[in-house]
Structures are given as C-alpha cells and as structure tokens.
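**Q** Just passing along the structure, written as structure tokens.
The values are calculated or read from the model by the stated rules, or taken from the named source; none is laboratory data. Please read these numbers as outputs of a predicted model, since none were measured by experiment. Backbone-built Cβ (ideal geometry, glycine too); neighbour counts: all protein chains shown. Calculation scope for accessible area: heavy atoms of the full protein, side chains included, ligands and nucleic acids excluded. Shrake-Rupley method; radii C 1.70, N 1.55, O 1.52, S 1.80 Å.
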Amino acid sequence: MLLRTFGWSFGITAAGLALAGVLWGWHGLAIVAILSVLEISLSFDNAVINAGILRKMNAFWQKMFLTVGVLIAVFGMRLVFPIIIVAITAKLSPWEAVRVAINDHDRYEALVTGAHPAIAAFGGMFLLMIFLDFIFEEREITWLGWLERPLAKLGKLDMLSVVIALVVLVIAGTTVATGVPVHGGHGEIDKAETVLLAGVGGLITYLVVGGVSGFFEERIEEDEEDDEDGDGEAEGAAAEKKSGPTAGQVAGLAGKAAFFMFLYLEVIDASFSFDGVVGAFAISNDIFEIALGLGIGAMYIRSLTVFLVRKGTLDDYVYLEHGAHYAIGALAFILLATIKYDISEVVTGLVGVVLIAASYWSSVVRNRRLGEGSQSADDDKTEVTTGV
C-alpha cells in the first residue's frame, strides 16, 4: 500500500536529486532537498483538504489528479506561473520573461517578489473563503464546539462568508497594502489598488469554480435520492430507466461535477503554492532549482492525498479536516499580512503542523473514548446474559 501510493514520489525524488547533483553539484542537491522539505511542511494541510474532496471522486479522476494534476502542479504552478506573473506585472513579453528567469536571476527574483502583493491577495482571499464556508456550515461533529456551533448558527445568514471576506479585503487594502516596502528595502509603495483587484479576483474565482462544482454535486445527490425512492418499481421499468436518457444525463452530470471539482482542487493547490514559490527565493533564485525542489515536494502532497483517501483516514480521525481548515484560515491571514510584513516560512509551516497535530490527537482521544464506551456496553450485556 505504502509503496504503491508513494512509489512515484520516491522514484522522482531519487531522479530529481540525482539530476540536481549532476547539474549543480552538492550545493544544488542540498538546495533542492531543502526546497522539497519546505514545500511538504507548508502544504501538509493542503493534502488533508484535497483528500476531503478527492474521496468524492471515482478512480478515474483520482488518477487524473495524480497524473495531469501533477503536471499542472509541478510545471504549471512552480515553473510557468511565476514567469506569467512576471510577464504581466513587469509588462514583458513571455519570451523576455523566460530570458530574464534563465539569465538574470537577481532581476527575476525582484520581479516575482514585487508581484507578491497581488499573488498574496488572490491566494489569501481564495483560502479565506474556503475557511469561512467551512466554519459557517452546520455539521454533526464539531472539534471546537464552543466556537463552531455558534458560528454555524450565524452561517444561516445568506452570503455571510462573502461579506466578511470583503470586509477583510478592504481592511487589507487600506492598511496592510499601504507603505509596502520596495524589494531591497529602498523606499515604500502603495499597493492598495493592486491588492483590492487581485483579492476580488480570488473571491470571484472561488465563487465560480466552487459554486459550479457544488451545483453539479447537488444535482447528482438529488438524482441518487430519486433512484432510491424508485427502488420499489418493476424491474422492467428500472431497466428502461437505465437505458433511457436519464442514465446518460446522470453520467454527464457526474463527469461535469468531477471536472469542476478537479479544477477546484487545482486552484486550491495554486493558492497553497503561492507562499512556497515566493518563500523559495529566500533559499535560491534559480528558477529551475526552485521548480525541481518544489515539484518534488508537490509529488509527496499528491501521494499523501491519495494515501489518506485509500486508508479512509478522514473517516477514522474525524477532526483532521477541522484542523486543516483552521490551518487554511491561518494561512489566509498570514498571506495577507505578508503583503507588508516579512513572516518566516518556518512560522507558516509550524502553524499548519501544530493545528493538524492537535486535531489528530483530539481524534485519537475521541476514538479511545468511544472504544471504551463500546467496551463498557459489551461488558454490561455480558453481565446481563450470564446473570453475573
């Protein structure tokens, strides 16, 4: 199970580190290894969130997540996306942006760092919406019940999460985005307009992609409920129904839902990768070292996601999703804060790890308590049966 799930990650790690050693020597190999660990530590909560979505998909889309999704994550988000951002923000042609990335590492680092306010605002708002929609949703199992139950009642107000996200964006645009230090520490610049536009873009992206995938998912659930209600009908009518247009419609809806969920997963991964891509420049400004190191880390996040799904870990440890969403909320606010303030990647990674670890331990305690309760009930039954 472990080798089957992580086999590709192990293989790509070995090949990637060997390639780094050949191209850049021992120093380059160490840089790539450090970047890989950085990516894993920053994105562990990403794997938990991904697993919660991926388990709703069939085997085909899980494979798509591990194949096409990996190509998008590694080459798209860690290599191509920073170049596109540089081209747009610096008003360069794509070819000129590529030339700068390959031949002028210092300028490329300055351009990517200069685009950080827009990147952080977009990613921060997208992640903030994920967090807000989670804590405002009513659910049977709560981790921090004293906080989650009152918030779930407030969540009955329509569009509350959107209103709060917009308030946070306005505050960030009028406070954090003013007086942003210029790269190199020489002077300051006002990025309020950029932050507001990018933040609205992140909010719209969440509403469109998440809304469409949620719409199709609800349609599928409704169709499944209709099928269950019709179980008492004659077999001939059931066979006719399966061969009719409804069956094709359901299959089409399932495909659309899975497709938009796949897009949703990729946008989530993009939002998580922003801080890793920008933070990587504290370690290296070589675009290929960054892409290789973060790409190896992204492979482990993909494999860990599938491992959590196949092992049913989220069902066994029910608070993990809660911890991951709290980590997402923390990351969203950290991203917005990094528009103006320098926050170490160590802090960002530790916040996520601590919240995930706390939710895991709470799940273990809950399982033990339930197990002891079940054992006590069995003992009571035995006493009644034997007359002891």
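**Q** Could you check the spin-label model distance between W8 and L350? Points 7 Å from the Cα along Cα→Cβ, value in nm.
**A** Rounded to a tenth, the inter-label distance reads 3.5 nm.
**Q** Something else about it: Once you have the Cα-Cα distance between N103 and V170, take 0.36 nm times their residue separation minus that, and quote the gain in nm to one decimal.
**A** Extra length available between N103 and V170 comes to 20.3 nm.
**Q** Mind pulling the per residue volume of the convex hull built on the Cα atoms of segment 1-129? Å³ is fine.
**A** About 142 Å³ per residue, rounded to a whole number.
**Q** Then there's this: Taking a 22 Å limit on the Cα-Cα distance, which of the listed pairs K91/K191; K153/K256; K63/K311 fall beyond it?
**A** Violating the 22 Å Cα-Cα cut-off are K153/K256.
**Q** Considering only protein heavy atoms, with the full assembly of protein chains and a 1.4 angstrom probe, order V37, V70 by accessible area, largest first.
**A** Per-residue accessible area, sorted high to low, gives V37, V70.
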